[in-house]
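Take a look at the structure below.
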Amino acid sequence: MKILGISAFYHDSAAALIEDGVIVAAAQEERFTRKKHDESFPVEAIRYCLAESGATLAEIDYVVFYEKPLIKFERLIETYLAFVPRGFASFRRAMPVWVKEKLFLKREIRNGLKEAGGMSFSGRLVYTNHHESHAASAFFPSPFEEAAVICADGVGEWTTTSIFKGKGTKIEAITDLRFPHSLGLLYSAFTYYTGFRVNSGEYKLMGLAPYGRPRFADTIREHLVDIKDDGSFRLDMSYFNYCTGLTMTNRRFDDLFGEPPRKPESPLTNFYMDVAASIQEVTEEIMLRMARHAHAVTGARNLCLAGGVALNCVSNGRILREGPFEKIWIQPAAGDAGGALGAALFTWHQLLERERIPGTPDSQAGSYLGPSFSDDEIARFLDGKEAVFETAEDDEALAARVAELIADENVVGWFQGRMEFGPRALGGRSILGDPRSLEMQKTMNVKIKFRESFRPFAPSVLRDRVDEYFEMRENEDSPYMLLVADVREEKRAGDPEQLASAEGLDKLGVHRSVVQAITHVDYSARVQTVDEVRHPLYHSLLREFDRLTGCPVLINTSFNVRGEPIVCSPENAYFCFQATNMDVLVLGRHILLKSAQPECEEIDVSRHLEQFALD
């Protein structure tokens, strides 16, 4: 039996296909259209899923949409009525879209399926609840037979935060919080206030937080959010504008903190860094309390997380270290894209009552669920571009050659196997570098990624060496780069008093550790552990780099530049390589040196930035 899950029409639309309970394919639409956070119906993602499975649309038994649009419309109408006459401008903008498209979603879905599959869909169309989709995406691929499940995001139909209990093939709703009281929207309000793009820049806010001091945390607790012992909360909506307006916050919010919202791309002052630190502290407090409550009401030893807030890896790390659960598992595509996968899994297990198919070490297959390209396909493409490249004889030779290049402080675009599902590059579509370099963070941010200098980079580390470099247990599993841990004391370097006394972005210039480029200014790192089962080639590269340098760690950042989705195809990767100051491109077993390419020249960063929108 084949089930196709779909998420669309808000942001990060995606498609996922499962066959007899096994995840066959999953991808975001943005990777194909090259429009970041593309919200349109996932025609290209569906085409990919069908091609990967070798199926036609006629062979799909169920198509499942990840939420119930009529209930969502009900929430929209009730919210506008509750705030009349405020919000008319927002109402006027939203209604034409709903009347034209979203109220007739069944028609839109069937038209989109016909475009994607070249024929009319004759199977059954099913709708799940938004948070059911999130919970299913978190629990069913996890390695747990029983677990508590927390879902936290902006808002689904009405629900903004929910607790489920998963057992076997069922998830049971325990409790929830409802709109407008939303942790995701609270965090997005501060994303907006600090000058970043909502539904895109939340991870920037998280990365900015360690530069500041949480001096506004009590102000947030006293005026904006009333937090209960069980992690439930209520927002004072008089400070927010998202129910009825075209902005997230209002003038009363500005007056509370004493400054207007930061203009995008303007200089980052200590004030906004302190604001970021403050909302991050409050978010972690809420999630910790909620985790303790989930443990108390479910009695489960394990925890699964999904929803956009589950991408806050600092909060996740604190839940694991300080919370009551023995283990946690986080859906790699925790946001709305993962809802497509959850909708399909919910139908298979909960509605059709089919058994779970065990996976090792989980059923997510490393989240390598997107397209792949053969070495022959890649070679034909490169020949067509008249590119100059060498080809490694085998994977062992490839790992040895690339490890040498990285050890010589080259920045390497690494394109291997299937593309990752979710926002994190995990060694399939990555840019790699030497973490020991004192200049690599600045070099990669400014000259390769064309993004803000304060942004930290994540480490990939051999799983069996993770406890040597980070405050993690021996062989602890963090395959999806969704947990933050501190760099071990013995790997730190420089003068800690100098770091403590430095203000704001001056912290960047202070020597912090032997793996400086992946050590954030609070000595933390967003860790990805790499094992032989999920990604044997990437594991081999790390082993070879360790053999050469004695360091089992690499910088791993996503293969894209600011405003652009992660690359999907060899063509995307080649363009990104040519348009940036990247030193090396590795496509399968083919290695391209920038210095060997015809018409190789230094990139004018300021000119190149004009091609990309803010992210």
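No value in this document is a laboratory result; all are computed from the given coordinates. Since the structure is predicted, the reported quantities are computational estimates derived from the model, not experimental observations. Neighbour counts are summed over all protein chains in view; Cβ atoms, including those assigned to glycine, are modelled from backbone coordinates with ideal geometry.
Under 5 Å between amide hydrogens, built in the peptide plane, is the criterion, and for I328 it picks out L303 among residues at least 5 positions away or on other chains. Over the stretch 375-609, Cα pairs under 8 Å with separation of 6+ residues give a relative contact order of 32 percent. When peptides 335-348, 205-218, 412-425 are ranked by their average number of other Cβ atoms within 10 Å per residue, the highest-first order is 335-348, 412-425, 205-218. Only DSSP H runs of four or more residues enter the estimate; each adds -39500 (n - 2.57), and after division by the residues of the chain the mean residue ellipticity at 222 nm equals -10000 deg cm²/dmol. The value of relative contact order for the chain, using C-alpha pairs under 8 Å at least six residues apart, is 15 percent.
In order along the stretch 185-196, the phi-based Karplus estimate (6.51 cos²θ - 1.76 cosθ + 1.60, θ = phi - 60°) of 3J(HN,Hα) comes to 6, 4, 5, 5, 4, 6, 4, 4, 5, 8, x, 9 Hz; Gly and Pro are listed as x.
Amide hydrogen proximity for V24: with H placed 1.01 Å from N in the peptide plane, the residues at 5 or more positions away or on another chain lying under 5 Å are L17, I18, E19. Normalised by the number of residues in the stretch 183-329, the average gap of Cα pairs under 8 Å and 6 or more apart makes the relative contact order 30 percent.
Take 302-312, 136-146, 55-65 and order them by the average number of nearby Cβ atoms within 10 Å per residue, most first; the result is 302-312, 136-146, 55-65.
Its Cα centre serving as origin, the stretch 516-605 has a Cβ charge dipole (Lys and Arg +1, Asp and Glu -1) of approximately 340 debye. Cα convex hull, the stretch 451-573: 123 Å³ per residue, rounded to a whole number.
Which pairs, out of K170/K327; K36/K447; K327/K507, put more than 24 Å between their alpha-carbon atoms? Each step should come with its number before you reach the end.
On the way: K170/K327 20 Å; K36/K447 21 Å; K327/K507 33 Å.
From the list (K170/K327; K36/K447; K327/K507), the Cα-Cα distance tops 24 Å for K327/K507.
When N is the residue count of the stretch 423-466, what does its C-alpha Rg come to as a fraction of 2.2 N^0.38 Å? Working shown, then result.
Details: Rg = 11.5 Å, N = 44, 2.2 N^0.38 = 9.3 Å.
The stretch 423-466 yields a ratio of 1.24.
Placing +1 on the Cβ of every Lys and Arg and -1 on the Cβ of every Asp and Glu, with no other charges, gives the chain a dipole of roughly 2000 debye about its Cα centre. For the stretch 375-609, the orientation-averaged shadow of the C-alpha convex hull comes to 12.4 nm² (one quarter of the hull surface). Going from the fewest other Cβ atoms within 10 Å to the most, the residues V484, V584 appear in the order V584, V484.
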